[in-house]
Amino acid sequence: MSPTSRLPGFHKLSFSERVKVVKEFAGLSDEDVEILTKTGSLSIEIAERMIENVIGTLELPLGIATNFLINGKDYLIPMAIEEPSVVAAASNGARMCREGGGLHAMASEQLMIAQVQLTKVTNPYVAAYKILEKKEEIIDIANSVDPILVKLGGGIKDVEVKVIESPLGPMVITHLIVDVKDAMGANAVNTMAEKVAPYIEKWTGGKVYLRIVSNLADRRIVRVWTRVPKEAVGGKDVAEGIVYAWAFAAADPYRAATHNKGIMNGIIAVALATGQDTRALEAGAHAYAARRGRYEPLSRWELDENGDLIGYLEMPIAVGIVGGATRTNPIARVSLKILGVKTAKELAEVMGAVGLAQNLAALRALASEGIQRGHMKLHARQIAISVGAVGDEVDIVVNEMLKEGVIRYDKAKEILERIRGRRSK
Ligand code: NAD
């Protein structure tokens, strides 16, 4: 009989008891368990305070992207990512931007939106009126739950109400617009929405279901621009190729998705390094990319009168330097220290700049020699390691695969067996 995943009380077990259950369920070896339970900077004790049912921690390489000049200031950028070439490409993109004076980034106010969904009202527009009438009261109620934020100059700044047509009829949606200062803010605004909801029911006679942050953080926008001399990207032809690459993305969502994925390579790597909610960033970015009813690139590239490149990026970036995992994960704390950012706004500006530089590097490679040349060496290394090459075997397998122009698992295995066979003779 196969073992059951129905495990009442699993969460109440100790760490080692949980590991034992999983070991039995999945038939793990002692070696597997050793790998699972070995930790780095993030101890099990801290991990257990972060999420439930912990059986280990996961490490990723943490790299530093160099060359970033943002708003006239130099930054070293910590990036946590499993994908080869991203850190190198970011550094390379930043170097090209640097030649034209660096990246210029500006974030808006740090405003988040919480939504309160009111249903089952017979006159939705009258209900909306009744809510708006109580705006000052809503502001007082919401601010009362977060005196710390209010003291820092944050808190709820505005209330907006709209009637939407849904498959289940009209709904009245209240938006609480909250300045969350240096926090990502989801918890902060959710608490406010929950506090306000019963009052909205009382004033309108309707029924509130959802009270939750919106990840379409379109009041928390970062804008970045850069000028890149055409010589920095390899001349007029490559510069034109980059503009053509952008135009392709602007006209075709299949390409736009990959264009934006390249931007998110940089943004998510910094987000992971600094303990951000990466899903919130992704959701916000892609919803914003589709805000005009069609999925579009988050950046644009054009030429100026000299034929130099002008890049522009605009997207929501909701991040924090307090709250969430930014302080609990020790590596996130150190990453923030390396960045030296003083506010969430500055962190968002840096992340936007990384996104644009990353985008430039990818487009430059695509518009010239192609992405694979740079990728392949690192990719070959990963393959060599994954088939079990160790020590100097790794370089031998990589070089052999590159020489033969075949970078595949079966080939790596074959080469490894060959060199081991040779050595054992
Ligand atoms: P938080 O509640 O941990 O911290 C925010 C609080 O810190 C503020 O309410 C304030 O009281 C206090 N604070 C102290 N100094 C501050 C300063 N300088 N600026 C601002 N606030 C300061 O976290 P949060 O940022 O409200 O929420 C982030 C977490 O919410 C993330 O872990 C995220 O994963 C999670 N979350 C996300 C979603 C979503 O995105 N849909 C939904 C629910 C929860």
Carbon plus sulfur fraction of accessible area for the chain, probe 1.4 Å, in percent: 55 percent
Relative contact order %, segment 224-306, counting alpha carbon pairs below 8 Å whose residues are six or more apart: 35 percent
Whichever lysines have a C-alpha closer than 18 Å to that of Lys377, once near sequence neighbours (fewer than 8 apart) are set aside: Lys403, Lys411, Lys413
Amide proton proximity set for Val208, modelled H, under 5 Å, gap of 5+: Thr119
Approximate spin-label separation Ser29-Glu314, in nm, with each point projected 7 Å along Cα-to-Cβ: 5.6 nm
Summed side-chain charge close to Val172 - residues other than Val172 whose Cβ falls under 12 Å, Lys, Arg +1, Asp, Glu -1: +1
Phi-based couplings in Hz for segment 87-100 (Karplus 6.51, -1.76, 1.60; Gly and Pro marked x): 5, 4, 5, 4, 4, 5, x, 5, 5, 5, 5, 4, 5, x
Dipole of segment 96-168, positive end: most advanced residue of Cys97, Leu152, Pro124 [Cβ charges, Cα centre]: Pro124
Two-decimal Rg to Rh for segment 34-190 - Kirkwood Rh, Cα set: 1.13
Amide H partners (placed H, <5 Å) of Val161, local residues excluded: His175
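Ordered by packing density, taken as the mean number of other Cβ atoms within 10 Å over each peptide's residues, highest first, how do 336-346, 358-368 rank? Could the numbers behind the result be given before it?
Details: 336-346: 17.5, 358-368: 24.8.
Going from most to least packed, we get 358-368, 336-346.
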Extension gain (nm, one decimal) between Arg255 and Phe10, 0.36 nm per residue minus Cα-Cα: 83.8 nm
Cβ charges +1 (Lys, Arg) and -1 (Asp, Glu), total dipole of segment 252-345, debye: 600 debye
Calculated log₁₀ intensity ratio I(q)/I(0) where the Debye formula runs over C-alpha points of the chain, q = 0.12 Å⁻¹: -1.13
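With respect to the cross-link table entries Lys134/Lys195; Lys73/Lys181; Lys162/Lys207, which display a Cα-Cα separation exceeding 18 Å?
Numbers: Lys134/Lys195 14 Å; Lys73/Lys181 22 Å; Lys162/Lys207 16 Å.
Exceeds cut-off: Lys73/Lys181.
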Value of relative contact order over the chain, rounded to a whole percent, pairs C-alpha under 8 Å and six or more apart: 18 percent
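Can you tell me which of 50-63, 284-297 comes out highest on packing, and rank the rest after it, using the mean Cβ neighbours within 10 Å?
Averaged packing, sorted descending, gives the order 284-297, 50-63.
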Partners for Lys20 among lysines (Cα-Cα distance below 24 Å; same-chain residues under 8 apart left out): Lys12, Lys38
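For every other residue with a beta carbon closer than 11 angstrom to the beta carbon of Val319, add +1 if it is Lys or Arg and -1 if Asp or Glu, then tell me the sum.
Once positives and negatives cancel, what remains is -2.
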Rounded tilt (10° steps) of 372-386 against the dominant C-alpha axis of the chain: 80 degrees
Rounded accessible area per residue of the chain, 1.4 Å, Å²: 51 Å²
Check: segment 190-323 dipole with +1 on Lys, Arg Cβ and -1 on Asp, Glu Cβ, in debye: 720 debye
Cα-based helix-to-principal-axis angle, 409-424 vs the chain, degrees rounded to 10: 40 degrees
Length-normalised contact order for segment 82-225 - Cα pairs under 8 Å, 6+ apart - percent: 39 percent
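The values are calculated or read from the model by the stated rules, or taken from the named source; none is laboratory data. For clarity, every value in this text was computed on a predicted model and none was experimentally measured. Here the Cβ is made from the backbone with ideal geometry for all residues, glycine too, and neighbour counts use every protein chain on show. Remember, those area values only see protein heavy atoms, side chains included, never the ligands or the DNA or RNA. Shrake-Rupley method; radii C 1.70, N 1.55, O 1.52, S 1.80 Å.
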